[in-house]
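The values are calculated or read from the model by the stated rules, or taken from the named source; none is laboratory data. All of these numbers come straight from a predicted model, not from anything done at the bench. Because the Cβ atoms are built from the backbone with ideal geometry, glycine has one as well, and the counts that use them run over all protein chains shown.
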Amino acid sequence: MGAELAPNSPKKVDIIMKKASFCSLLFFLSLSLFCCSQEKPEETKILSRINDYNLTLDEFEYELAAELELDKDFKLTHEAKKEFLEQLIRKELLIQEAKKLKLDTKDKFVRAIERYWESTLIRNVIDLKSSEIEKKAYVSQEEIEIRYKEMKESEEELPPLKEIQEQISKELKEKKKTRVLEQWISDLRKSAKIEIAEELL
């Protein structure tokens, strides 16, 4: 067995001090973690209370940003923000009144929502496909010149090709995109399983 250290030897005092420092470090680390876990999540800021509905600041800013995106002439001032908030409050009051009258359960309302949902989906899928087609669509110089000759046959006083070349190119590109899009929809129709009860028509 190794020799036992004297009670007050420098080496033993050093070991005791190191243990005490380590224990203190563990204590403060535990305390710190405990305090962090007790911190409350950031409270949602309520901008306006409209009866039982709470309009949060986040929702207001989202609606405001969407409005700014749609209306490029919208000048964002403090007064404009107050007016926009008033519009949201009025809209919410009308929605609440409609719900009170149970208009949200009427067939007319449900059908209107379905039509809006369907038209939005259709628009989004067409936009997505159009964007895909756009990346692959191009117009050659030969196509532009052929189109220019066709135009010249019906219009005697036509500007020089250089002046309207870009316009012709855009026109041809849009026609190509439309053709490809229509073909895509036609292919969807062909590949789908569709049955029609002709006798009911």
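Quick look at the values:
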| item | result |
| --- | --- |
| Selected residue (only one of ILE122, ILE113, ILE50, ILE95 is among the aliphatic types (A, V, I, L, M), under 30 Å from LYS170 (Cβ atoms), out of contact with any strand residue (DSSP E or B) (no Cβ under 7 Å at 6 or more places or on another chain) and surrounded by 10 or more Cβ atoms within 10 Å (Cβ to Cβ)) | ILE122 |
| Count of residues meeting criterion [within 12 Å of GLN165 (Cα to Cα) and either in contact (Cβ under 8 Å) with a residue 60 or more places away in the chain or assigned to a helix (DSSP H, G or I) (or both)] in the stretch 133-148 | 8 |
| Some residue of the stretch 192-199 being part of a loop (DSSP other than H, G, I, E, B), closer than 25 Å to LYS129 by Cβ and either basic (Lys, Arg) or in contact (Cβ under 8 Å) with a residue 60 or more places away in the chain (or both) | yes |
| Residue within the stretch 135-153 that is within 24 Å of the chain's Cα centre (by Cα) and either hydrophobic (A, V, I, L, M, F, W, C) or at pLDDT 90 or above (or both) present | yes |
| Leading residue by the ranking (farthest from ILE122 (Cα to Cα)) among those in the stretch 152-186 that are among the charged types (D, E, K, R) and in contact (Cβ under 8 Å) with a residue 24 or more places away in the chain | GLU171 |
| Unique match (being closer than 24 Å to SER48 by Cα and either touching a residue at least 40 places away in the same chain (Cβ under 8 Å) or not in a helix (DSSP H, G or I) (or both)) among LEU85, LEU76, LEU68 | LEU76 |
| Out of GLU145, GLU132, sole residue that is surrounded by 11 or more Cβ atoms within 10 Å (Cβ to Cβ), among the charged types (D, E, K, R) and over 16 Å from ARG179 (Cα atoms) | GLU145 |
| Selection from the stretch 152-173 of residues that are surrounded by 13 or more Cβ atoms within 10 Å (Cβ to Cβ) and in a helix (DSSP H, G or I) | LEU161, ILE164, GLN165, ILE168, SER169, GLU171, LEU172, LYS173 |
